[in-house]
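S.K.: For reference, the structure I am asking about is given below.
The values are calculated or read from the model by the stated rules, or taken from the named source; none is laboratory data. Because the structure is predicted, anything quoted here is derived from the model rather than measured. Cβ atoms come from the backbone with ideal geometry, glycine included; neighbour counts cover every protein chain shown. For accessibility, only protein heavy atoms count, side chains too; no ligands or nucleic acids. Shrake-Rupley method; radii C 1.70, N 1.55, O 1.52, S 1.80 Å.
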Amino acid sequence: KYDSKDYFTNSSNGTERQRAENYAKLFVKYVEIFNEDAGVVCVTDHNYTHSYLIDALVKESKSTTLSILPGVEINVEGVHLLVIFGKHAYNKTSFSETIKTFLTKLDVHSRKTGDVLTVCSKSYKDVIDEVIKIDGVIIYPHCNSTNGLFQERGKTDRTHLHDYFNYQKVNVLQSKTFSSNNQTEQYIKSKSDFKSECVFTLGSDSRCLRDILQPDPEGNYCWVKADTTFLGLKQITYEKDRVFVGEKPSVLERVSSAKTKYTR
């Protein structure tokens, strides 16, 4: 029941705030027990603006060794973006209100239109500018999938793709497998009009507790040599060598014994 959104909206078990706090306690404890070397979990969902849940998760993690970074996933001109927040913005006092205001500025006023997830009506560059203004971090998830940055290369006109890619000096790209990262890297190298740098990360894209911090089929995880904070995540946009994708971060251990496992 805890993995169902119905628990947060339709359940009669306590108030909405109490249900969010209960789930936050379970979430953090679950990760601590089954993924004791975890450092950071980024929490995102499509156009999701629950009044209490994201703040309850962040608050609960503060008394543990696990850090939870709040975010949201949006669809911009057919490309999915994860936006991770390091602080409250727009003079709001909570991440829930920050995310709600952020989506409103992008003309996303409801999670779905009918049965289809609402697509942002702003231009790609407008969205990037807004994220930069509030000092967020953008991650491109599942890059080779239908909704990824490099989607349907043979089916869709992607002549504007290099404009997207080059708009930021550094792009954080995410795939679910190490092999997919390699395919994306080779594709980028084959295109001379891609000028910006990129950082390759791995994400479990979990939809339930049991899938949190699952490795890819080859047993690879995403490790980052950084503090377990938003600034630690942001640091990889300046020093991409801080990221290691593999079973064990032996390369990073030669530099520092500190290890952080990131997941989404």
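S.K.: List the number of the failed condition for D211; all other conditions in (1) modelled with pLDDT under 90; (2) on the phi < 0 side of the Ramachandran plot; (3) open to solvent by less than 30 Å² (accessible area, probe 1.4 Å) hold.
M.R.: If we test D211 against (1) modelled with pLDDT under 90; (2) on the phi < 0 side of the Ramachandran plot; (3) open to solvent by less than 30 Å² (accessible area, probe 1.4 Å), just (3) comes out false.
S.K.: Among (1) at pLDDT 95 or above; (2) under 30 Å from V119 (Cα atoms), there is one condition E60 misses while meeting the rest; what is its number?
M.R.: Among (1) at pLDDT 95 or above; (2) under 30 Å from V119 (Cα atoms), the lone unmet condition for E60 is (2).
S.K.: For the structure I just gave you, tell me whether N144 is within 27 Å of Y187 (Cβ to Cβ) and touching a helix residue (DSSP H, G or I) at 6+ places or on another chain (Cβ under 6 Å).
M.R.: Values: within 27 Å of Y187 (Cβ to Cβ): yes; touching a helix residue (DSSP H, G or I) at 6+ places or on another chain (Cβ under 6 Å): yes.
Judged against the criteria, N144 is a match.
S.K.: What number of residues within region 216-230 satisfy the criterion of being under 14 Å from V41 (Cα atoms) and either open to solvent by 20 Å² or more (accessible area, probe 1.4 Å) or not β-branched (V, I, T) (or both)?
M.R.: 8
S.K.: Tell me which residues, restricted to region 181-202, are in contact with a Cys (Cβ under 7 Å, 6 or more places away or on another chain) and under 25 Å from H46 (Cβ atoms).
M.R.: If the condition is that a residue be in contact with a Cys (Cβ under 7 Å, 6 or more places away or on another chain) and under 25 Å from H46 (Cβ atoms), then T184, T201, L202 are the ones that fit.
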